[in-house]
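The values are calculated or read from the model by the stated rules, or taken from the named source; none is laboratory data. Small disclaimer: the values here were computed from a predicted structure and weren't measured. For neighbour counting, all protein chains shown are included, and Cβ atoms are generated from backbone atoms with ideal geometry for every residue, glycine included. Side chains are part of the model used for accessible areas, which takes the heavy atoms of the whole protein and leaves out ligands, DNA and RNA. Shrake-Rupley method; radii C 1.70, N 1.55, O 1.52, S 1.80 Å.
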Amino acid sequence: MTGPALLGVRHHGPGSARAVRAALEAAGPRAVLVEGPPEGDAVLALAADVDMRPPVALLAHVTDDPGRAAFWPLAEFSPEWVAIRWALEQGVPVRFIDLPAAHSLALTEGEEPSEEPSGESSEEALRIDPIAVLSETAGYDDPERWWEDVVEHRDTAGPLAAFEALGDAMAALRETYGDGGHARDLVREAHMRLQLRAARREFGDEFAVVCGAWHVPALQERTTATADRALLKGLPKARIEMTWVPWTHRRLSRDSGYGAGIASPGWYGHLFSAPDRPVERWMTKVAGLLREEDRPVSSAHVIEAVRLADTLAAMRGRPLAGLSETTDAVRAVMCEGSDIPLSLVQDRLVVGDVLGEVPESAPVVPLQRDLTRAQRTLRLKPEALERELELDLRKDTDSARSRLLHRLRLLSVGWGEPARSRGSTGTFRETWRLRWEPELSVRVAEAGIWGTTVRSAATAKAESEAVAATALGEVTALAERCLLAELPDALPLVMKVLADRAALDADVGHLAQALPALARSLRYGDVRGTDTAALAEVAAGLAERVCVGLPPACAGLDTDGAAEMRGHVDAVHSAIGLLADDGLRGRWAAVLRTLAGRDTVPGVIRGRAARLLLDDGRLEEDEAARLMALALSAGTAPGDAAAWVEGFVGGSAGGGMLLVHDERLLSLLDSWLTAVPADAFTDVLPLLRRTFSAYEPGVRRTLGELVRRGPAGRAGPAAGATAAAVPGFAAELDPQRADAVLPVLRLLLDMPDVPVEVAQ
């Protein structure tokens, strides 16, 4: 070598990566310097570990504030990664030369370096995208396409030719536009120049530098060490920790928020790894993916797509079919012009869900080490691709998995999110949607302040949240989460805070909001074998206070307040149904009777109370019909009557079927509706439309037929007609037909051994 080789690259560019390897092979430097945080030197040797599989990232975080963190992602096709691996394979020293993370993480918005070129402020200087400027100069409207044509798809006249050309281009851009307008870049480049001087003293000129092409002219600039040190003087500094973490192709993409300007990491990975015929190999991958999704794609489709992509490239004057040509060909040939299957190709292949791996020897916080151990024990491997996990809490392994996921959620490590189960709705079933994102490594580091194990950290976090909570609903939700996560050490404090908050809160709405969470917690506690005696005592006390305070709280409410209180009534009714206290259920039924018969209570609540009593068998059908007749009498304002109807037959499953089966209720409703004055009809119509639109189409159709037939056509047994007048229903139960559905019913309820009898 006659001087340092300055290899200006595009981060995560496969063409740059191949060119870097070729340049290093040709130059044979004694050392390699790479743009990156110098603290990473301590873990650089891990890049050669057989268990290190990119994409990975260097993670730096402030020791006493893990939330302040930064990533330096590296993919297999990143030039920096190629340079690091080459140096380690050759036994050549490799070092990072960028501004230390200790400074960059300590700098805040108000602490940005103030030195600017030529006296300009950062607001006055022009921020530019150098690749976009060069592509526009070359007549391209797409910087990605220009880069592919000029660098990714062209062979240059020697291993250093491309770097020399890019260096000249960047020098011209910096001469025209200045340094790009970022003050921190000046400090970074000053530090890199100091590192180059140190390398020259140690290795002479026989070293190579791999950095972003934009920085090459600055590293060639003739400055003094004194001037560079002056730029670095007085920078704030923080104590940091550095390690490797897994990364994903999706997080390399531009849309991820952590990307480095590439929209197609999966495509670039393919270009880098394909030894020959990249277009043919790509089309084969696409065909395989579409076949997995039951799309009819044959080898003939692959051949035609390759031909079309090559033709499009020739027509567009491109040296090789790029992503745009292959995408157009796939859309036309394999997707029959549809963008729906094409979006699958974009998501799974062009971007991709490849997740890197880091060796166990990489330094981690103690909490991460405990989490990794638990993941391995429970066979829960972190994956970038989203998947569903069905758990049966009656099994020890599944129960332990559930506890781990709930504890992580309490620690704000959102690896798993609860999902609605597609099978049994029993309390022993749980469904989770799992997806490991790279930033979760930061969440784990942040959570490390609470403890060294997942259990101890979740316990400490729960206790802290309980003390800080001000609303009763927050504490009840926290108690539920502690039970789900099985944190017995946190429950005493949480329950004490819960009891204190409940005693001080006199708002019935708050009490009604808190009770359902407690009832759910008791139910899950039974499934998980958790001691919930203290929780049951608090829940019973809350329920008693709701029973006392609810009737006065329901008087004189406006429309919005009545709708909100109706939701509270539903929630409390469901919660009390879960509490094992028959005396409490009787008191709640008395409260509902009070609400159903009190004129000062809004109609939507009165109607709802009557319906809940009817569903529980605590209200006779004759009494329900009497209440409806009173609510729909001529003396009741149409708006109030419509609200009662909404409360009685709307907003819940079975409201429509109740009208289908009870001819008296339907007749009362029909008679009232036909008697509503024309001037009031437009006011009640939106409310009724909202009520009946929630019914299933079949129920609405049946109701329409019954109303069309009139009273004579829909007469039920009470009117001397047979129940057969109702479409689809016989006069009496057919035991033989009922017995035929029992096996399916047992399967749906997941109760194969429980006998089911049909009432005669």
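Check ARG95 against each of (1) over 29 Å from LEU235 (Cβ atoms); (2) surrounded by fewer than 20 Cβ atoms within 10 Å (Cβ to Cβ) and name the one condition it does not meet.
Of the numbered conditions (1) over 29 Å from LEU235 (Cβ atoms); (2) surrounded by fewer than 20 Cβ atoms within 10 Å (Cβ to Cβ), the odd one out for ARG95 is (1).
Return yes when GLU446 is buried (at least 19 other Cβ atoms within 10 Å of the Cβ) and in contact with a helix residue (DSSP H, G or I) (Cβ under 7 Å, 6 or more places away or on another chain) and no when it is not.
Working: buried (at least 19 other Cβ atoms within 10 Å of the Cβ): yes; in contact with a helix residue (DSSP H, G or I) (Cβ under 7 Å, 6 or more places away or on another chain): no.
Criteria not met by GLU446.
Listed here are the residues, each with its yes/no results for (1) closer than 16 Å to PRO130 by Cβ; (2) modelled with pLDDT of 90 or more; (3) surrounded by 21 or more Cβ atoms within 10 Å (Cβ to Cβ).
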| residue | (1), (2), (3) |
| --- | --- |
| ASP185 | yes, no, no |
| ALA190 | no, yes, yes |
| LEU194 | no, yes, no |
| ALA199 | no, yes, yes |
| GLU202 | no, yes, no |
| PRO217 | yes, yes, yes |
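Of the residues in segment 325-347, how many are over 17 Å from LYS285 (Cβ atoms) and either buried (at least 19 other Cβ atoms within 10 Å of the Cβ) or of a type in the set (Ser, Thr, Tyr) (or both)? I'd like the intermediate steps shown before the answer.
Going residue by residue through segment 325-347, those that are over 17 Å from LYS285 (Cβ atoms) are 332, 336-340.
From what is left, the residues that are either buried (at least 19 other Cβ atoms within 10 Å of the Cβ) or of a type in the set (Ser, Thr, Tyr) (or both) are 338.
The qualifying residues number 1.
For segment 50-76, how many residues are of a type in the set (Val, Ile, Thr) and within 23 Å of the chain's Cα centre (by Cα)? If you could, list the steps in order and put the result at the bottom.
Restricting attention to segment 50-76, the residues satisfying the condition of being of a type in the set (Val, Ile, Thr) are 50, 56, 62-63.
Checking which are within 23 Å of the chain's Cα centre (by Cα) leaves us with 56.
Qualifying residue count for the region: 1.
Among the residues of segment 1-58, write down those that are in a strand (DSSP E or B), open to solvent by 10 Å² or more (accessible area, probe 1.4 Å) and under 22 Å from LEU194 (Cβ atoms). Before the answer, list the steps.
Let us first name the residues in segment 1-58 that are in a strand (DSSP E or B), namely 5-9, 31-34, 53, 56-58.
Next, from what is left, pick out any that are open to solvent by 10 Å² or more (accessible area, probe 1.4 Å): 5-6, 53.
Within segment 1-58, ALA5, LEU6 qualify.
Answer yes if at least one residue in segment 251-270 is over 37 Å from the mean Cα position of the chain (by Cα), surrounded by fewer than 21 Cβ atoms within 10 Å (Cβ to Cβ) and without any contact (Cβ under 8 Å) to a residue 12 or more places away in the chain, and no otherwise.
Applying the first criterion (over 37 Å from the mean Cα position of the chain (by Cα)) to segment 251-270 yields none.
No: segment 251-270 contains no residue that is over 37 Å from the mean Cα position of the chain (by Cα), surrounded by fewer than 21 Cβ atoms within 10 Å (Cβ to Cβ) and without any contact (Cβ under 8 Å) to a residue 12 or more places away in the chain.
Can you pull out every residue in segment 491-506 that is of a type in the set (Asp, Glu) and either at pLDDT below 75 or in contact with a strand residue (DSSP E or B) (Cβ under 8 Å, 6 or more places away or on another chain) (or both)?
First, the residues of segment 491-506 that are of a type in the set (Asp, Glu): 500, 505.
Within segment 491-506, ASP505 is the sole residue that qualifies.
Of the residues that make up segment 28-37, is at least one out of contact with any Pro (no Cβ under 8 Å at 6 or more places or on another chain) and over 26 Å from GLU206 (Cβ atoms)?
Within segment 28-37, not a single residue is out of contact with any Pro (no Cβ under 8 Å at 6 or more places or on another chain) and over 26 Å from GLU206 (Cβ atoms).
Looking at segment 560-569, which of its residues are open to solvent by 40 Å² or more (accessible area, probe 1.4 Å) and touching a residue at least 40 places away in the same chain (Cβ under 8 Å)?
Hits for segment 560-569 are ALA563, GLU564.
What's the total number of residues in segment 669-684 that are touching a Pro at 6+ places or on another chain (Cβ under 7 Å), among the hydrophobic types (A, V, I, L, M, F, W, C) and part of a helix (DSSP H, G or I)?
Of the residues in that region, 2 qualify.
Check TRP432 against each of (1) over 25 Å from VAL497 (Cβ atoms); (2) out of contact with any Pro (no Cβ under 7 Å at 6 or more places or on another chain); (3) open to solvent by less than 10 Å² (accessible area, probe 1.4 Å) and name the one condition it does not meet.
(2)
Filter segment 674-709 down to the residues that are polar (S, T, N, Q), closer than 13 Å to VAL649 by Cα and open to solvent by 70 Å² or more (accessible area, probe 1.4 Å) and list them by number. Give the steps one after another, and end with the answer.
Residues of segment 674-709 polar (S, T, N, Q): 674, 682, 691, 693, 702.
Add one more test, that the residue is closer than 13 Å to VAL649 by Cα, and what stays is 691, 693.
If the condition is that a residue be polar (S, T, N, Q), closer than 13 Å to VAL649 by Cα and open to solvent by 70 Å² or more (accessible area, probe 1.4 Å), then SER693 is the only one that fits.
How many residues does segment 368-403 contain that are in contact with a strand residue (DSSP E or B) (Cβ under 9 Å, 6 or more places away or on another chain) and of a type in the set (A, V, I, L, M, F, W, C)?
6
Taking segment 236-268 on its own, how many of its residues are part of a loop (DSSP other than H, G, I, E, B), of a type outside the set (S, T, N, Q) and at pLDDT below 90? I'd like the intermediate steps shown before the answer.
Initial filter on segment 236-268 (part of a loop (DSSP other than H, G, I, E, B)): 236-239, 247, 257-261, 263-264.
Within this subset, residues satisfying the condition of being of a type outside the set (S, T, N, Q) are 236-239, 247, 257-261, 263.
When the remaining residues are screened for being at pLDDT below 90, the result is 247, 257-261, 263.
Number satisfying all stated conditions: 7.
Give all pairs with beta carbons closer than 6 Å in which a residue from segment 201-220 that is over 16 Å from HIS191 (Cβ atoms) meets a residue that is part of a strand (DSSP E or B) and small (Gly, Ala, Ser); count only pairs at least 6 apart in sequence or on separate chains.
PHE203/ALA31; PHE207/ALA31; ALA208/ALA5; ALA213/GLY8
Within segment 362-385, how many residues turn out to be charged (D, E, K, R) and either in contact with a Leu (Cβ under 7 Å, 6 or more places away or on another chain) or within 27 Å of ILE240 (Cβ to Cβ) (or both)?
4
Report those helices (runs of 4 or more DSSP H) wholly inside segment 354-472 carrying at least 2 residues which are under 23 Å from the mean Cα position of the chain (by Cα) and modelled with pLDDT of 90 or more.
Working: elements: 366-377, 396-410, 440-447, 454-468.
Because the criterion is at least 2 residues that are under 23 Å from the mean Cα position of the chain (by Cα) and modelled with pLDDT of 90 or more, the helices (runs of 4 or more DSSP H) in segment 354-472 that meet it are 366-377, 396-410, 454-468.
Applying the selection to segment 594-621, what residues are assigned to a helix (DSSP H, G or I), of a type in the set (D, E, K, R) and surrounded by fewer than 16 Cβ atoms within 10 Å (Cβ to Cβ)?
Step one: of segment 594-621, the residues assigned to a helix (DSSP H, G or I) are 594-597, 603-615, 621.
Checking which are of a type in the set (D, E, K, R) leaves us with 606, 608, 611, 615, 621.
ASP615, GLU621 - these are the residues of segment 594-621 that are assigned to a helix (DSSP H, G or I), of a type in the set (D, E, K, R) and surrounded by fewer than 16 Cβ atoms within 10 Å (Cβ to Cβ).
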